[in-house]
Amino acid sequence: MSSSDAQRFPVRGKSTTARDMTIHGGQVLSSYTHVSDQHSTFGTKIIVPNAREAHFVLDDFLGNATDLPLFEHATDTHGVTLINFALFDLVGKLLSPRIRDLGKITLIRDDTPTETVKRYPHAGPLLSTRWNEDLITECWPGLLRMAGSLKYGQATASLVVGKWSAASRQNTLAAALKEWGMLRRTLHAAKYLSDPAYRRKIARQLNKGESLHALRRDLHYAQQGAVTKPALADQTDQAWCLTVLTNAVITWTTEYYSLAVRQLRAAGRDVPDELLAHISPAHSENVNFFGVITVDVEAELAKLDTSGWRPLRPAQLRELGL
């Protein structure tokens, strides 16, 4: 599973990607990141802060260069459109968003209102629109060709989503795409409302993304946390450097968590896997962000064990916070 969200960073000077936003106190740009359920960041894109985030959800999800077997993707309301619901399903993936005001969206039915209410006494009145199956049947080959173009990289997902989202109602293929998206959104809403475990899974994944936002904010402290490069290419390089640094911190913390858990279990302590599932490596209390640090490389290397790890601190010192 993965998730994606945008994070705002202040910008100094003129830039084509920056916009003045009163809520953020001046010029900002957006760094749109994709995060796996292992806390790793595998996608980073600089976008204009007032651009629709939903247009960029599929870009790094389909185009990532990692070995992650991604299938399901979570977003907040800003990443949701009918086009995205349809395209995720057509390329064989699953969009699982957390939608604000879920009770106000249009849900579709496949029968008359009377039969639907008879079959679903509680949910029937919410299914207000009948879906157009004939339209989907007529346009199905075109929908599959579009999905193939996305899946095999023949078209950029953000371009396709943006164009079809802005297409008029008179465009038959756009209408069919939105009709299929409405069907997928209805199925998602039914599962989201009826399955607490599904809701918790989505919330946990989105919380991982928020915790990594906080870590990136802490790491991005130079120039008072502002982006000073005016060109998009330089801003992208800076965003990817921040991603590499964030992943390095996550990896370091995860590895030493593993060493600590193995040592505790070897000492006879009970550390259940169910407990470890709720521990996040995205905290930053163990990171020294500021100052000039002189490192005696030879002395530090001499401290490493045969496997190349630094020794864990004794339990007594940990309890004293040393």
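The values are calculated or read from the model by the stated rules, or taken from the named source; none is laboratory data. Note that the coordinates shown come from a computational prediction; the quantities given were computed from them, not determined experimentally. Here the Cβ positions follow ideal geometry from the backbone for every residue, glycine too, while neighbour counts run over all protein chains shown. In case anyone asks, the SASA skips ligands and DNA or RNA and just uses the protein heavy atoms, side chains included. Shrake-Rupley method; radii C 1.70, N 1.55, O 1.52, S 1.80 Å.
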Run the quick spin-label model on residue 257 and residue 309: label points 7 Å from Cα toward the beta carbon, then report their separation in nm to one decimal.
-> 1.5
Tally Lys and Arg at +1 and Asp and Glu at -1 over the other residues with C-beta under 14 Å from the C-beta of residue 65: what net charge comes out?
-> -2
How far, in nm, would the chain grow between residue 122 and residue 231 when pulled straight, counting 0.36 nm per residue and subtracting the alpha carbon separation?
-> 33.8 nm
Accessible area of residue 309, 1.4 Å probe, to the nearest 10 Å²?
-> 70
DSSP-defined antiparallel bridges as percent of all bridges, the chain, nearest 5 = 70
Point-to-point label distance, residue 265-residue 149, nm (Cα→Cβ direction, 7 Å offset) = 5.0
For residue 193 and residue 20, FRET efficiency with R0 = 45 Å and r from the beta-carbon atoms, rounded to 0.05?
-> 0.70
Of 56, 71, which has the most accessible area with a 1.4 Å probe, and how do the rest follow in descending order?
-> 71, 56
Can you figure out the FRET efficiency of residue 159 with residue 203, using R₀ = 25 Å and their beta-carbon distance, to the nearest 0.05?
-> 0.20
Checking 231, 190, 277 against a Gaussian network model of the chain (alpha-carbon springs below 10 Å), the top fluctuating residue turns out to be 277
Expressed as a rounded percentage, what relative contact order does the stretch 187-306 have, with Cα pairs under 8 Å and six or more residues apart?
-> 26
Using a simple spin-label model with points 7 Å from Cα along the Cα→Cβ vector, what separation in nm is obtained for residue 244 and residue 137?
-> 5.5
Please go through the residue pairs 118/208; 104/163; 118/151; 229/303; 201/229 and name each one whose alpha carbons sit more than 30 Å apart in this structure.
-> 118/208; 118/151; 229/303; 201/229
Which one of 129, 22, 44 has the biggest mean-square fluctuation once the chain is modelled by GNM with Cα springs under 10 Å?
-> 22
Expressed as a whole-number percentage, the relative contact order of the stretch 62-105 with C-alpha contacts under 8 angstrom and at least six residues apart is 44
Top mean-square fluctuation among 62, 312, 143, Gaussian network model of the chain, C-alpha springs under 10 Å?
-> 312
Before anything else, pin down the relative contact order of the chain: Cα pairs under 8 Å, at least 6 apart, normalised by residue count, whole percent.
-> 20
Between the stretch 120-157 and the stretch 1-66, how many Å separate their Cα centres?
-> 27
Tell me, what is the FRET efficiency for residue 172 and residue 112 to the nearest 0.05, using R0 = 30 angstrom and their Cβ-Cβ distance as r?
-> 0.75
Calculating P(r) over Cα pairs in 10 Å bins from 0, in percent from this structure picks out, from (1) 5, 21, 27, 23, 15, 7, 3, 0; (2) 6, 26, 34, 23, 10, 2, 0; (3) 6, 27, 37, 24, 6, 1, entry (1)
